[in-house]
């Protein structure tokens, strides 16, 4: 049974959402969950649920990392926080994965320096999954772990993203694209042009440059970019989905005359809302860390926590870190000739 260390104090709705999500995951998934945080608070929340016999265990922590803490402060000054304790459980082999919906910068920093990096990876990458127009899922990385990146980093992101896509969605040869300002090879800046040259020489199924408008069309499975651009794309997409959802809701309420028409429109709106609901995708894995780390949205509800635990367990079972090490090592040997 896979053991997951859950930072039960991390999210905006912690520990209520974390505890309920853990209970759901323990019922539905073949996982053991360590609820890390303020012991009495977690006990009180667990008391709200029927949890007898479920593979849940509380691990005490004396402090909490807040959303306003800087990553350096969280790392250096809050070593007894639920985030630190959960990361140490992974580092020491008592858990296979860390899940947190807390301060993203703090989670990335603690995971990187407490759990450690894979030997073949220079920098970790945060991968975000989202629905596309072909009723499938695309992945973009990096969406915030690295503000500045070099071509060799983006090449590693592409390899890790391709392996992640294979592990979770089962596609044997995911299509990899590079986010740029034009499809032509000459378009883009020095970073994208050099990265494209590297990816063309790799064993990946590289389809070339893709533009921002192509992100949701479903013609590419894995989209690679630096964390600065990726984070803007992520936040813009989240805001656009919320905006469109709001406009649809107003249009339904304002223009539907018949009850039947309203019901049909409501059904379509609910389907749209479900497809764009971040909670269905759980969280974003921080690829390249020695222990599996999945970072959830700060607003994560119980369903999002459950699905973040699901993603973490699937990544553990797939042996993704071993595959990343093997394939990056093979690509390094090939590059050296």
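The values are calculated or read from the model by the stated rules, or taken from the named source; none is laboratory data. Keep in mind that what you see is a predicted model, and the values were worked out from it rather than measured. Here Cβ is always computed from backbone atoms with ideal geometry, including for glycine, and neighbour counts include all displayed protein chains.
Residues checked against (1) assigned to a helix (DSSP H, G or I); (2) touching a helix residue (DSSP H, G or I) at 6+ places or on another chain (Cβ under 9 Å); (3) closer than 13 Å to residue 300 by Cβ; (4) modelled with pLDDT of 95 or more:
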| position | (1), (2), (3), (4) |
| --- | --- |
| 25 | yes, yes, yes, yes |
| 42 | yes, yes, no, yes |
| 48 | no, yes, no, no |
| 51 | no, yes, no, no |
Scan (1) farther than 23 Å from residue 110 by Cα; (2) assigned to a helix (DSSP H, G or I) for the single condition residue 161 breaks and write down its number. (1)
So, of the residues in region 85-95 that are touching a helix residue (DSSP H, G or I) at 6+ places or on another chain (Cβ under 6 Å) and buried (at least 22 other Cβ atoms within 10 Å of the Cβ), which turns out to be farthest from residue 1 (Cα to Cα)? 87
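Is it the case that some residue within region 58-66 is under 21 Å from the mean Cα position of the chain (by Cα), on the phi < 0 side of the Ramachandran plot, surrounded by fewer than 22 Cβ atoms within 10 Å (Cβ to Cβ) and in the same structural domain as residue 296 (by TED's automatic domain parsing)? Break it down into steps so the answer makes sense when it comes.
Looking only at region 58-66, we keep the residues that are under 21 Å from the mean Cα position of the chain (by Cα), and these are 65-66.
Cutting the leftovers down to on the phi < 0 side of the Ramachandran plot gives us 65-66.
Going one step further and asking which of them are surrounded by fewer than 22 Cβ atoms within 10 Å (Cβ to Cβ), we end up with 66.
Within this subset, residues satisfying the condition of being in the same structural domain as residue 296 (by TED's automatic domain parsing) are 66.
Yes; the residues of region 58-66 include at least one that is under 21 Å from the mean Cα position of the chain (by Cα), on the phi < 0 side of the Ramachandran plot, surrounded by fewer than 22 Cβ atoms within 10 Å (Cβ to Cβ) and in the same structural domain as residue 296 (by TED's automatic domain parsing).
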I'd like to know if region 142-159 contains one or more residues that are modelled with pLDDT under 95, touching a strand residue (DSSP E or B) at 6+ places or on another chain (Cβ under 8 Å) and at positive phi. yes
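Counting only residues that are in a helix (DSSP H, G or I) and out of contact with any helix residue (DSSP H, G or I) (no Cβ under 9 Å at 6 or more places or on another chain), which one in region 61-82 is farthest from residue 38 (Cα to Cα)? Let's see the steps before the verdict.
The first filter runs over region 61-82 and keeps only residues in a helix (DSSP H, G or I), leaving 71-77, 82.
This time we only want the ones that are out of contact with any helix residue (DSSP H, G or I) (no Cβ under 9 Å at 6 or more places or on another chain), so: 76-77, 82.
Details: 76: 20, 77: 17, 82: 8 Å.
Taking the candidates together, the pick is 76.
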Residue check: is residue 99 in contact with a strand residue (DSSP E or B) (Cβ under 7 Å, 6 or more places away or on another chain), under 22 Å from residue 285 (Cβ atoms), at pLDDT below 95 and not in a helix (DSSP H, G or I)? no
For region 105-136 the number of residues that are closer than 23 Å to residue 212 by Cβ and either out of contact with any helix residue (DSSP H, G or I) (no Cβ under 9 Å at 6 or more places or on another chain) or surrounded by fewer than 17 Cβ atoms within 10 Å (Cβ to Cβ) (or both) is 5
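Against the definition (within 29 Å of residue 29 (Cβ to Cβ), outside the structural domain of residue 198 (by TED's automatic domain parsing), modelled with pLDDT under 95 and in a loop (DSSP other than H, G, I, E, B)), how does residue 112 come out, yes or no?
On the way: within 29 Å of residue 29 (Cβ to Cβ): yes; outside the structural domain of residue 198 (by TED's automatic domain parsing): yes; modelled with pLDDT under 95: yes; in a loop (DSSP other than H, G, I, E, B): no.
It is false that residue 112 is within 29 Å of residue 29 (Cβ to Cβ), outside the structural domain of residue 198 (by TED's automatic domain parsing), modelled with pLDDT under 95 and in a loop (DSSP other than H, G, I, E, B).
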Checking the structure you have, find out if any residue of region 178-191 is part of a helix (DSSP H, G or I), over 21 Å from the mean Cα position of the chain (by Cα), surrounded by 15 or more Cβ atoms within 10 Å (Cβ to Cβ) and not assigned by TED's automatic domain parsing to the domain that holds residue 112. yes
